[in-house]
Amino acid sequence: MAMRAMDTSKSISGGGFNTTHWSVVMLAGKDSPQSASALEELCRNYWYPLYAFARRQGKTAPDAQDLTQQFFAVFLEKKYFGLANQDRGRFRSFLLGSFKHFLANEYYRNRAAKRGGACAFVSWDETEAEKHYANEPACELTPDKLFEQAWAFTVLQKVMETLRAEYARAHKAEMFEAVEIFLTGQKSDLTYKDIGDRLNMSESAIKMTVSRLRQRYGELLRREVAQTVTDPATIEEELRHLLGALS
């Protein structure tokens, strides 16, 4: 789903650099429910980009699933944290490099206790994963570039889900569903007036709602990207990279 480029010049509400993906990794050695939960959340966020990378390298769907599950099992067991170096910059680059290292060390040969006997460390719907992968470009992207694109879409999807949840908590789920098309950029013949008539709101009120929605989307996107870098000065560069990965 293509997203329109949003205004991301607003500051991160709440100051936002207290919990980053890097800080989660660097503190992972401290055995606590909080760190374990944060690590599992990271794995849920990044499993599909790594799965897509493995599939583009020629692995079958079951093998790609086994490999990705194994990698996260090792990751969660903290065997890879010794490689973490936040001075390297991009968290996703560290994660992809770790995955490549994992594959190169032939963990594949010992995969999933002969497949089917392993514990699933990250929960996902394999059918949905393959349905998603089937929609990826057939041959234009290398495994690395496909990982980058999948990462970008994952970030945008998470931001959209966060925004949807905010509107739901404010008892405005119906409004969000109605105006979401103006945020995603998907083709539609509906106008502001059409949506206003449906919601018993004026056309100007719908325009204001969409404007606020886009502003909030930009804030959330910026906050999400901020979690993946170590230096606030690189946020704008990361945003440009994210949007570039989608083009």
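A simple packing score, the average count of other Cβ atoms within 10 Å per residue, orders the peptides 225-235, 179-189 as 225-235, 179-189, with the highest score first. Annotation for Glu41 and Gln186: the two label points, set 7 Å from Cα along the Cα-Cβ direction, are 2.7 nm apart. The label point for Glu140 and the one for Met208, both projected 7 Å from the Cα toward the Cβ, are 4.1 nm apart.
With contacts defined as alpha carbon pairs under 8 Å and 6 or more residues apart, what's the relative contact order of segment 138-247 in percent? Before the final figure, lay out each step's value.
Values: 59 pairs, mean separation 38.5, N = 110.
Taking the mean separation of contacting Cα pairs over the length of segment 138-247, I get 35 percent.
Read-outs throughout are calculated quantities, based only on the coordinates presented, and are distinct from any laboratory measurement. Since we're looking at a predicted model, the values are computed, not measured. Positions of Cβ are backbone-derived with ideal geometry, glycine not excepted, and every protein chain shown enters the neighbour counts.
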